[in-house]
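S.K.: This is the structure I want to talk about, given as structure tokens.
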There are 2 protein chains.
Amino acid sequence: MNQIETLRRPTLHEELVERLRNMVVEDALKPGEKVPEKDLCEAFGVSRTPLREALKVLASEGLVILQTNRGARVAEVTQEELENTFAVIAMLEQLVGELACQNLDDAGIAHIQKRHDAMIKAFGVRDLQAYFKANQDIHNALIEGAGNDILESHHRMLAARVRRARFMVNLSDERWQQAIEEHEKMMVLLRARDGQSLGRLMKIHMLNKYDALVKALAAAEDDLAN
Amino acid sequence: MNQIETLRRPTLHEELVERLRNMVVEDALKPGEKVPEKDLCEAFGVSRTPLREALKVLASEGLVILQTNRGARVAEVTQEELENTFAVIAMLEQLVGELACQNLDDAGIAHIQKRHDAMIKAFGVRDLQAYFKANQDIHNALIEGAGNDILESHHRMLAARVRRARFMVNLSDERWQQAIEEHEKMMVLLRARDGQSLGRLMKIHMLNKYDALVKALAAAEDDLAN
DNA sequence: AGATGTAATTATGAATTCATAATTCAGTCA
DNA sequence: TGACTGAATTATGAATTCATAATTACATCT
């Protein structure tokens, strides 16, 4: 009899990794904040052992910082780190574009086209929620379509580090417009299966996203100063 | 008073991560091999708690696989994974090349030139040990010179996954010759601070390395079959 | 009042213990 | 002989306990 699918209940520490990661990414735990084991244990109703295991994993992903005998704190995202992270993600995006063109079948491209159309529609009525969702779906489909697990896991790791930034600023309509245009071009290149060009565009798309983020952050700081 | 450098004794689990990682990378623990906690605890003279924490970290790096209630085994490197990993590393190398040209100062380049000369010398007398060492030094200096911590950490993580492959096959003189030529070109571009070209070349250099590896692996399999 | 040294408290690192899932192995039956 | 059953063993997941480092609170002194 052949293996169906090894059914596995996730372990406590795995669930904790998931939930803690979400809390960090979704800014429920603020950067720089101390996260005493005791509090987290009470919050999740677990003992310290699985929780500490989870913290070790998050530390290796760079989401929290562990200091010996001084516990864990949520990693801060400095300006420099943001730049460094985006630079790497942009390179990975380029590869995603190249591989997605190679490996996606027609059905896969059709599916992305559908999500793209949904995204355009959301943009038309300025439905930010629906836009983010469709956008996320598209990027996920492209990454999965690339068919490279290593690429996928490292991309996800890096994306988690900067996703918080989304909560820090809001999208300018100008940038939003630009992003849409880039996505339109991406679809053209994807349908043409021009991997080299799509890769280059996706890299630029990501760097533009970073650019907009930096400007928005600077503007937000100015607001605070006034 | 400003922080000098938080002096910190490493914790047991950190040391274990280091040592276990080395054991995996240096092939002391063979791929697919089960690594019972009990044995490792005895080997290192520690209790299960820090050891399990270390295993969780290695699992998140992809070096070991944890199966619920069934313990840890050293991750296998499939042909596909090798390809996937090299594809990602190659992209990162490209970025390394671009950034190194931007950020290395003259002293940094001079240092790399020295290590390069040492490498050439080692090649002249076919001193594999010295060659590997100098080669490693050069790549490390370039990565550090890039000045992007995120890039560095992810590159290291990926490099660990494939370093084992070095133990599986030996370098053909033909490939060795080719690698040297590529390195000569790299030095020219680095001195000229032509980041774009250096990036492209470093990417290709890495893909060629993969190519040679695949061929060597295929040849090794043929040997076994005969 | 502010600084300094010391005791009390708290939090963390690691060992141990406990519960349970997985594996092994002996015994039974076809 | 060989496949199945179920008890015994072993290994793992998680809680608890213990030792020690770090922090806080407090008293003392200048």
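S.K.: Once each part is reduced to its C-alpha centroid, what is the distance from the stretch B:206-226 to the stretch A:70-87 in angstrom?
M.R.: What the calculation gives is 40 Å, centre to centre.
S.K.: For B:Val169, place a label point 7 Å from Cα along the Cα-to-Cβ direction in every copy; what are the distances to the other copies, in nm, shortest first?
M.R.: 4.6
S.K.: Same structure, new question: Using a 1.4 Å probe on the heavy atoms of the protein chains only, list every residue of the stretch A:135-166 that has 30 Å² or more less accessible area in the complete assembly than in its chain alone.
M.R.: When all protein chains are present, A:Asn148, A:Ile150, A:His154, A:Met157, A:Leu158 each give up 30 Å² or more of accessible surface.
S.K.: Based on the Cα atoms of the protein assembly as shown, what semi-axes does the equivalent ellipsoid have, where each is the square root of 5 times one gyration tensor eigenvalue, given in whole Å with the largest first?
M.R.: Listed largest to smallest, the semi-axes of the protein assembly as shown are 34, 31, 25 Å.
S.K.: With every protein chain present, what accessible area does B:Arg193 have (1.4 Å probe, heavy atoms only), rounded to the nearest 10 Å²?
M.R.: We get 90 Å² for B:Arg193.
S.K.: Is the C-alpha gyration tensor of the stretch A:12-74 telling us rounded, prolate or oblate? Criteria: a/c under 1.5 is rounded; beyond that, a/b larger than b/c is prolate, otherwise oblate.
M.R.: rounded
S.K.: While we're looking at this one, here's another question. Could you work out how far helix A:173-191 tilts from the main Cα principal axis of chain A, as a 0 to 90 degree angle to the nearest 10?
M.R.: Taking the Cα atoms of chain A, the angle to A:173-191 is about 70 degrees.
S.K.: Moving on. Carbon-plus-sulfur fraction of the accessible area of the stretch B:79-225, 1.4 Å probe, in percent?
M.R.: On the way: 3700 of 7020 Å².
Carbon and sulfur together cover 53 percent of it.
S.K.: Separate question: Which one of A:Leu63, A:His13, A:Ile204 has its Cα pushed farthest toward the positive end of the charge dipole of chain A, where Lys and Arg give +1 and Asp and Glu give -1 at the Cβ?
M.R.: Going by the charge dipole, the pick is A:His13.
S.K.: I would also like to ask the following. Nearest 100 Å² is fine: what is the total accessible surface buried where chains B and A meet, probe 1.4 Å?
M.R.: Counting protein atoms only, the buried area is about 2700 Å².
S.K.: Sticking with this one: Helix B:128-146 versus the longest principal axis of chain B: what angle, 0 to 90°, nearest 10, using Cα atoms?
M.R.: 80
S.K.: Mind checking the dipole of the stretch A:79-225: about its Cα centre, +1 per Lys or Arg Cβ, -1 per Asp or Glu Cβ, Debye to the nearest 20?
M.R.: Once rounded to the nearest 20, the dipole reads 280 debye.
S.K.: A further question on this structure: Can you tell which of A:Glu144, A:Glu15, A:Glu76 shows the greatest fluctuation in a Gaussian network model of chain A with Cα springs below 10 Å?
M.R.: A:Glu15
S.K.: Also, quick follow-up: Give the nm distances, rounded to one decimal, from B:Glu15 to the matching residue in every other copy, measuring between label points 7 Å along Cα toward the beta carbon; shortest first.
M.R.: 3.5
S.K.: Of all the accessible heavy-atom surface of the stretch B:12-74, with the other protein chains kept in place and a 1.4 Å probe, what percent is carbon and sulfur?
M.R.: Accessible surface attributable to carbon and sulfur in the stretch B:12-74 totals 47 percent.
S.K.: Here's another thing I want to ask about it. Sort A:Asp223, A:Asp105 by heavy-atom solvent-accessible area, probe 1.4 angstrom, most to least.
M.R.: A:Asp223, A:Asp105
S.K.: Here is a follow-up. Starting from the Cα-Cα distance between A:Asn103 and A:Lys121, subtract it from 0.36 nm times their residue separation and give me the gain in nm to one decimal. Don't skip to the end; give the middle numbers.
M.R.: Numbers: separation 18, 0.36 × 18 = 6.48 nm, distance 2.74 nm.
Net length gain for the segment: 3.7 nm.
S.K.: Work out how much length A:Val188 to A:Leu207 would gain on full extension: take 0.36 nm times their residue separation and subtract the Cα-Cα distance, in nm to one decimal.
M.R.: Extending this stretch completely gives an extra 4.9 nm.
S.K.: To the nearest 10 square angstrom, what accessible area does A:Ser60 show with a 1.4 Å probe?
M.R.: 40
S.K.: Still on this model: Pairs of alpha-carbon atoms within less than 8 angstrom and 6+ residues apart define the contacts here; what relative contact order does chain B have, in percent?
M.R.: 24
S.K.: Using only Cα atoms, tell me the angle between helix A:149-163 and the longest principal axis of chain A; keep it within 0 to 90° and round to the nearest 10.
M.R.: 70
S.K.: When all protein chains stay in place, what accessible area (Å², nearest 10, 1.4 Å probe) is found for A:Tyr131?
M.R.: The accessible area of A:Tyr131 comes to roughly 10 Å².
S.K.: Sticking with this one: Other chains' Cβ within 10 Å of B:120-127 residues: what's the mean?
M.R.: The per-residue average across the peptide is 0.
S.K.: Which residues, if any, in the stretch B:30-59 have at least 20 Å² less accessible area in the whole protein complex than in the isolated chain, probe 1.4 Å?
M.R.: B:Arg52, B:Glu53, B:Lys56, B:Val57
S.K.: Given a 1.4 Å probe, how much area per residue of the protein assembly as shown is accessible, in Å²?
M.R.: Result: 53 Å² of accessible area for each residue.
S.K.: At B:Asn208, with labels set 7 Å past Cα in the Cβ direction, how many nm apart are the copies from this one, shortest first?
M.R.: 3.6
S.K.: Principal axes first, then extents: for the Cα atoms of chain B, list largest minus smallest coordinate on each axis, whole Å, largest first.
M.R.: Sorted largest first, the three principal extents are 70, 55, 30 Å.
The values are calculated or read from the model by the stated rules, or taken from the named source; none is laboratory data. Small disclaimer: the values here were computed from a predicted structure and weren't measured. So basically every Cβ, Gly included, is an ideal-geometry build from the backbone, and we count neighbours across all protein chains shown. Side chains are part of the model used for accessible areas, which takes the heavy atoms of the whole protein and leaves out ligands, DNA and RNA. Shrake-Rupley method; radii C 1.70, N 1.55, O 1.52, S 1.80 Å.
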